[in-house]
1. Does P206 count as open to solvent by less than 80 Å² (accessible area, probe 1.4 Å), closer than 19 Å to G159 by Cβ and part of a loop (DSSP other than H, G, I, E, B)?
2. Taking the condition of being in contact with a helix residue (DSSP H, G or I) (Cβ under 7 Å, 6 or more places away or on another chain) and within 17 Å of I115 (Cα to Cα), how many residues in the range 210-232 meet it?
3. Given the condition open to solvent by 50 Å² or more (accessible area, probe 1.4 Å), modelled with pLDDT under 95 and farther than 15 Å from M188 by Cα, answer yes or no: does some residue in the range 114-124 qualify?
4. How many residues are open to solvent by less than 80 Å² (accessible area, probe 1.4 Å) and in a helix (DSSP H, G or I) if we restrict to the range 168-184?
5. Is there a residue being hydroxyl-bearing (S, T, Y) and free of Cβ contacts under 8 Å to residues at least 12 places away in the same chain anywhere in the range 82-105?
6. Is it true that some residue in the range 66-75 is closer than 21 Å to V152 by Cα and in contact with a Leu (Cβ under 9 Å, 6 or more places away or on another chain)?
7. Here is a list of conditions, (1) at pLDDT 95 or above; (2) open to solvent by 20 Å² or more (accessible area, probe 1.4 Å), and L13 meets all of them except one; can you say which number that is?
8. So which of G140, G159, G154, G88 is surrounded by 21 or more Cβ atoms within 10 Å (Cβ to Cβ), out of contact with any strand residue (DSSP E or B) (no Cβ under 9 Å at 6 or more places or on another chain), of a type outside the set (D, E) and at pLDDT below 95?
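The values are calculated or read from the model by the stated rules, or taken from the named source; none is laboratory data. Just so it is clear, the structure is predicted and the values come from calculations on it, not from any experiment. As a convention, Cβ positions derive from the backbone with ideal geometry for all residues, glycine included, and neighbour counts pool all protein chains shown. Keep in mind that these areas ignore ligands, DNA and RNA; they rest on the heavy atoms of the full protein, side chains included. Shrake-Rupley method; radii C 1.70, N 1.55, O 1.52, S 1.80 Å.
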Amino acid sequence: MWGVVGSFLGSFLNVCIFRMPREQSIVHPRSRCTACAHPIAWHDNIPVVSFLWLRGRCRHCHKPIALRYPVVELLTAASTVAVAARFGPGPVGLVYVAFVCALIAASFIDLEFQIIPDEISLGGLAVGVLLSLLIPSLHGTLSRLVALERSVIGGLVGGGALYATGLVGDLLFRKESMGGGDIKLLAMAGSILGWKLVVVTFFIAPMIALLPGLLVLLFKRSHVIPYGPFLSMGVVVSLF
């Protein structure tokens, strides 16, 4: 069941990934082909199944459907199952499902556009602080005030650590070395995970990014890589 729920969450994330960086509404109009703009019937919008049934092409214009669509749906389904198995179906588990969904959306947007929308990062930061107040067990306590304190400190430590790293990088390389979206994304993570796990993420993410960064430098002669996906992977490792 959780896999099915996750796949439909992934379908919604695909809408967010396509529309948010283009500053389009994620609720209106309903899903349509990105090539011919023809509305997609419900039976052509079943996660993964419809992609396979249509052989990866729009029923109307026959243009290819991006492989990202089933990849996001499968990844979200697998993530939802993993989170539910680890943390259960209670309030904490549901918060973590939503949190991981936000990380998936931010990662795929960053991969394509090298931006992380504030609606995800800053919005997630505000929601993380609010949920910490409402569900103090997110921070291993029964006290709402203690949970609120840990959430705020986590956000400050997460955002502050990357901000300080960016300042050092700017001085060393004489150009922007850390995007504001990455800083706000780690602040969001800190508001939900607390400062200890966000510090773990801070050290794990560069190790995950090292090999891809070297490959980009070797083959593209560029020092620029979207860091959001590696931060997200580090956050998930810390979460588990």
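1. No; evaluated as a whole, the condition is false for this residue.
2. Number of matching residues: 9.
3. Yes, the range 114-124 has at least one match.
4. Counting residues in the range 168-184 that are open to solvent by less than 80 Å² (accessible area, probe 1.4 Å) and in a helix (DSSP H, G or I) gives 7.
5. no
6. Checked against the condition, which is being closer than 21 Å to V152 by Cα and in contact with a Leu (Cβ under 9 Å, 6 or more places away or on another chain), the range 66-75 yields no hits at all.
7. (2)
8. G159
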